[in-house]
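Let me begin by presenting the structure, written as structure tokens, before commenting on it.
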Amino acid sequence: MSPEEGKPIEILLAEDNPGDVKLTEKALEHGDILNNLHAVENGVEAMKFLEQEGEYSDAPMPDLFLLDLNMPKKDGRDVLAEMDDDPELRRIPVVVLTSSDAEEDVVKSYELSANAYLTKPVDFDGFVDIVNRLEDFWFKVVKMPPK
């Protein structure tokens with residue numbers, strides 16, 4: 001899916017750690033793809049965003065969803081399960097971006113239709129590298145169906 005010329009890609013980030021949100025924002029600034037990052041702090045808010053409910057009634061459908069697994073209220077596994085049950089939401093590419101490298105989390109995420117599973121790098125340069133590779137892959141290499 002190549003972003004349309006001059007049109008930013010829409011990225012949803014579900015992350016409860018404000019430091020990781022800032023890190024993601026900074027990493028995306030280092031990329032070469034114009035984007036709008038929308039951050040929510042838990043799975044309940046992520047589902048409201050995706051379903052365009054309440055304060056998110058005008059939210060754009062994301063071109064890419066970066067999902068942390070371990071969040072309050074509703075964790076990433078529950079979000080993946082809800083998305084997997086919805087034909088519209090199932091089409092959104094989901095990259096699990098989490099601190100967990102537990103095999104059971106990896107397996108469960110893929111069983112719930114995650115498109116990729118990445119363990120968060122601990123340093124800024126590593127994080128920038130991962131985010132740049134994600135951008136390149138999802139928006140320069142992969143062909144996606146239209147929204």
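The values are calculated or read from the model by the stated rules, or taken from the named source; none is laboratory data. If you're wondering where the values come from, they're calculated on a predicted model, not measured in any experiment. Don't worry about glycine lacking a Cβ; one is built from the backbone with ideal geometry, like all the others, and counts go over all protein chains shown.
Which one is nearest to ALA81 (Cα to Cα), of the residues in the range 95-147 that are modelled with pLDDT of 90 or more and surrounded by fewer than 12 Cβ atoms within 10 Å (Cβ to Cβ)?
VAL107
Across the range 103-147, what is the total count of residues that are assigned to a helix (DSSP H, G or I), aliphatic (A, V, I, L, M) and more than 17 Å from LEU64 (Cα to Cα)?
Number satisfying all stated conditions: 2.
Could you figure out which of (1) in contact (Cβ under 8 Å) with a residue 60 or more places away in the chain; (2) under 19 Å from TRP138 (Cα atoms) isn't true of GLY76?
(2)
Out of everything in the range 48-68 that is more than 28 Å from VAL122 (Cβ to Cβ) and of a type in the set (D, E, K, R), what residue ends up being surrounded by the fewest Cβ atoms within 10 Å (Cβ to Cβ)?
ASP58
Out of (1) of a type outside the set (Phe, Trp, Tyr); (2) farther than 17 Å from SER109 by Cα; (3) part of a helix (DSSP H, G or I), what's the single condition that is false for LEU12?
With respect to (1) of a type outside the set (Phe, Trp, Tyr); (2) farther than 17 Å from SER109 by Cα; (3) part of a helix (DSSP H, G or I), LEU12 is out only on (3).
Quick one: in the range 1-21, of everything that is more than 22 Å from VAL79 (Cα to Cα) and not polar (S, T, N, Q), which residue is modelled with the lowest pLDDT? Even if it seems obvious, please write down each step before you answer.
Just the residues of the range 1-21 that are more than 22 Å from VAL79 (Cα to Cα), to begin with: 1-8.
Next cut, not polar (S, T, N, Q) only: 1, 3-8.
Details: MET1: 42, PRO3: 50, GLU4: 53, GLU5: 56, GLY6: 65, LYS7: 80, PRO8: 86.
Step by step, filter the range 1-21, then rank; the result is MET1.
Could you tell me whether any residue of the range 63-76 is assigned to a helix (DSSP H, G or I) and either modelled with pLDDT of 90 or more or under 17 Å from ALA14 (Cα atoms) (or both)? Before you say what the answer is, go through the steps one by one.
Kept after step one, since they are assigned to a helix (DSSP H, G or I), are these residues of the range 63-76: 76.
The next check asks that each one be either modelled with pLDDT of 90 or more or under 17 Å from ALA14 (Cα atoms) (or both); those that pass are 76.
Within the range 63-76, one or more residues are assigned to a helix (DSSP H, G or I) and either modelled with pLDDT of 90 or more or under 17 Å from ALA14 (Cα atoms) (or both).
Restrict the check to the range 40-47 and report whether at least one residue is assigned to a strand (DSSP E or B), surrounded by 14 or more Cβ atoms within 10 Å (Cβ to Cβ) and of a type outside the set (Asp, Glu).
Checked the range 40-47: at least one residue is assigned to a strand (DSSP E or B), surrounded by 14 or more Cβ atoms within 10 Å (Cβ to Cβ) and of a type outside the set (Asp, Glu).
Go over the candidates LEU12, LEU34 one by one and state the one that is of a type in the set (A, V, I, L, M) and in contact (Cβ under 8 Å) with a residue 40 or more places away in the chain.
Unique residue meeting the criteria: LEU12.
Against the definition (farther than 18 Å from LEU118 by Cα, among the basic types (Lys, Arg) and either surrounded by 18 or more Cβ atoms within 10 Å (Cβ to Cβ) or in contact with a Phe, Trp or Tyr (Cβ under 9 Å, 6 or more places away or on another chain) (or both)), how does LYS7 come out, yes or no?
Taking the combined requirement at face value, the residue does not satisfy it.
Specify which of the listed residues (LEU13, LEU28, LEU97) is in contact with a Lys or Arg (Cβ under 8 Å, 6 or more places away or on another chain) and either farther than 24 Å from GLY126 by Cβ or among the hydrophobic types (A, V, I, L, M, F, W, C) (or both). Explain how you work it out, then say what you get.
Numbers: LEU13 fails: in contact with a Lys or Arg (Cβ under 8 Å, 6 or more places away or on another chain); LEU28 fails: in contact with a Lys or Arg (Cβ under 8 Å, 6 or more places away or on another chain).
Among LEU13, LEU28, LEU97, only LEU97 is in contact with a Lys or Arg (Cβ under 8 Å, 6 or more places away or on another chain) and either farther than 24 Å from GLY126 by Cβ or among the hydrophobic types (A, V, I, L, M, F, W, C) (or both).
Here is a list: ASP32, ASP58. Which entry is modelled with pLDDT under 90, more than 27 Å from VAL106 (Cβ to Cβ) and out of contact with any Cys (no Cβ under 7 Å at 6 or more places or on another chain)?
ASP32
Against the condition touching a residue at least 40 places away in the same chain (Cβ under 8 Å) and out of contact with any Gly (no Cβ under 7 Å at 6 or more places or on another chain), how does PRO87 come out, does it pass?
Taking the combined requirement at face value, the residue does not satisfy it.
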